[in-house]
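Asker: Pasting in a structure now, in structure tokens, and then I'll have a few things to ask.
The values are calculated or read from the model by the stated rules, or taken from the named source; none is laboratory data. Every value quoted in this text rests on a predicted model; they were computed, and no experiment measured them. Virtual Cβ from ideal backbone geometry, glycine too; neighbours counted across all protein chains shown.
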Amino acid sequence: MSAKFPLFSLKQYALGLVVLLIALLDPFGLSSSSDNASAQWLNRMFASLYDSKGQQQIAVVVIDDAYLLRNNTFWPMPYGEQSKLFKRLLAYKPKAVFVDLLYSHDHSPGDPAQGSQLLANVFDRYRHQGIPLLLANTGRPRGEEGQANTLEHLAQVTTPVLVVWSGVGDKYPLAFDTSLGLMETPALALYRQYCQAHQCPDLPGDAQAAAQAPPIAIQWGLELAPEQSRIANTADCSTVDGFFSQTFKQLAEAIFWKLGKSAQASCPYSLTLTASDLEVSEPQDRALIAELLRDRLVLVGAHITSTGDLVQSPVHGKLPGIYLHAMALDNLLSEGMSYKHEPDSLPRMDINWLDLVEIALLVLIFALKALHEHRAAKHRTLTPWRRWEIRFFHSPCPSWLLVMAVLTVASIALYFANITPVNVLGIAVLSLVLFSEKIEALLGSKS
């Protein structure tokens, strides 16, 4: 090309530099917000294709307001009431149980008949019957600098699992270094129980190895467990429309998200029972509950109006926090250690090679934009390159399709490499600058 007509002008170099700095430095969290929006949109779009292998191994038991009203009790539940609940659960012989309740304060002190020791005795029964019982833990020394943690006599008869961590965004770590040492999270601890009877390649040997593994970028499923309709009314739950219908629906929601609901399903993906379901007395009902809970990994949590333990699912909206652990466990059961994750950061930098892929796509967009503008320049010599340039860049559509094709191929390659996707929505929106010349011409013709 002639030096008289350089590909990029100073203004274009300056604009490109600004875009790269925004992508790298992420001022005001703009790039991160776009990344999260892309990940959530893709999660919703592919939720109907999520593998149901893990769903068959998990059950969630929720203590709700209806249970409190039914038993004329209150929250926090008296230890006597909790003891009854966990005795009923023990009778159904689950494979392992995680309790997402933090017993940090004994609210019945000085009353042996109603105190926390009563519950500790029930928890100890799980240990004697060979059913692991995992109890939520903060990872902080109890009483040190005003910190609260699980009561000591409850911790002695259970296995602690970490439910509090920071520094990983919305990802789910397998293990975390705490003030009490390395501690595994509920999903990995329950997955280890599953792996005792099944082949689990690449299972971390210990908490140290687990802490080195990347956090899970949780993928949420949509289709309800087949058994859910046997235990609850699912008439109000959203149904799966098929992949292509789902794709169009999610694209419309991504564009017009302010005009409708961002969540597709009102019912959780994991098989869910309420605490009231454990109270059934009819033989056929008890047989059904036994069928649903026996030899399953059971997670017990609360959904009480006065508590705020909620998480945001891109598929279901707000859910009780217990479902975050259930879905992380489901990811491990379905994909093993090949779960979706972000690549490691580059040395001494808070970016990873996936960020460089996004930057390369941005460079491609701006290079194509510059070539479109360069096409209009009047050269004296009509070289073969010049003829090809005029033909290819006559319309922005081929360039835009090229960007979309590269973005699609990159996303598919990342999917099969179990890496979280690039900023699909952000790059797709930026690619529309290729049409700016046509848009300006259209607007100019109407003025």
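Asker: Taking the conditions exactly as written (in contact with a Ser or Thr (Cβ under 6 Å, 6 or more places away or on another chain), at pLDDT 95 or above and hydrophobic (A, V, I, L, M, F, W, C)), does VAL122 satisfy them or not?
Answerer: Values: in contact with a Ser or Thr (Cβ under 6 Å, 6 or more places away or on another chain): yes; at pLDDT 95 or above: yes; hydrophobic (A, V, I, L, M, F, W, C): yes.
When the stated conditions are applied, VAL122 passes them.
Asker: Restricting the search to the stretch 49-85, which residues are hydroxyl-bearing (Ser, Thr, Tyr) and buried (at least 21 other Cβ atoms within 10 Å of the Cβ)? Talk me through it step by step, then tell me what you get.
Answerer: Just the residues of the stretch 49-85 that are hydroxyl-bearing (Ser, Thr, Tyr), to begin with: 50, 52, 67, 73, 79, 83.
Those that are hydroxyl-bearing (Ser, Thr, Tyr) and buried (at least 21 other Cβ atoms within 10 Å of the Cβ): TYR50, TYR67, TYR79.
Asker: Name the one entry in GLY146, GLY139, GLY167 that is without any contact (Cβ under 8 Å) to a residue 40 or more places away in the chain and closer than 30 Å to ASP35 by Cβ. Give the steps one after another, and end with the answer.
Answerer: On the way: GLY146 fails: closer than 30 Å to ASP35 by Cβ; GLY139 fails: without any contact (Cβ under 8 Å) to a residue 40 or more places away in the chain.
So the residue among GLY146, GLY139, GLY167 that is without any contact (Cβ under 8 Å) to a residue 40 or more places away in the chain and closer than 30 Å to ASP35 by Cβ is GLY167.
Asker: Just a yes or no: is a residue in the stretch 186-207 polar (S, T, N, Q) and within 24 Å of PRO141 (Cα to Cα)?
Answerer: Of all residues in the stretch 186-207, those polar (S, T, N, Q) come to 193, 196, 199.
Subsequent filtering for residues that are within 24 Å of PRO141 (Cα to Cα) retains none.
There is no residue in the stretch 186-207 that is polar (S, T, N, Q) and within 24 Å of PRO141 (Cα to Cα).
Asker: What helices (runs of 4 or more DSSP H), lying completely within the stretch 394-447, carry at least 3 residues that are in the same structural domain as GLU358 (by TED's automatic domain parsing) and modelled with pLDDT under 80?
Answerer: Details: elements: 396-416, 424-430, 436-446.
Of the helices (runs of 4 or more DSSP H) lying wholly inside the stretch 394-447, those with at least 3 residues that are in the same structural domain as GLU358 (by TED's automatic domain parsing) and modelled with pLDDT under 80 span 436-446.
Asker: Continuing with this model, one more query. Out of all the residues in the stretch 57-64, is one or more at pLDDT 95 or above and farther than 26 Å from HIS128 by Cα?
Answerer: Taking the stretch 57-64 as the starting set, the residues that turn out to be at pLDDT 95 or above are 57-64.
With farther than 26 Å from HIS128 by Cα added as a condition, the list becomes 64.
Yes, the conditions are met somewhere in the stretch 57-64.
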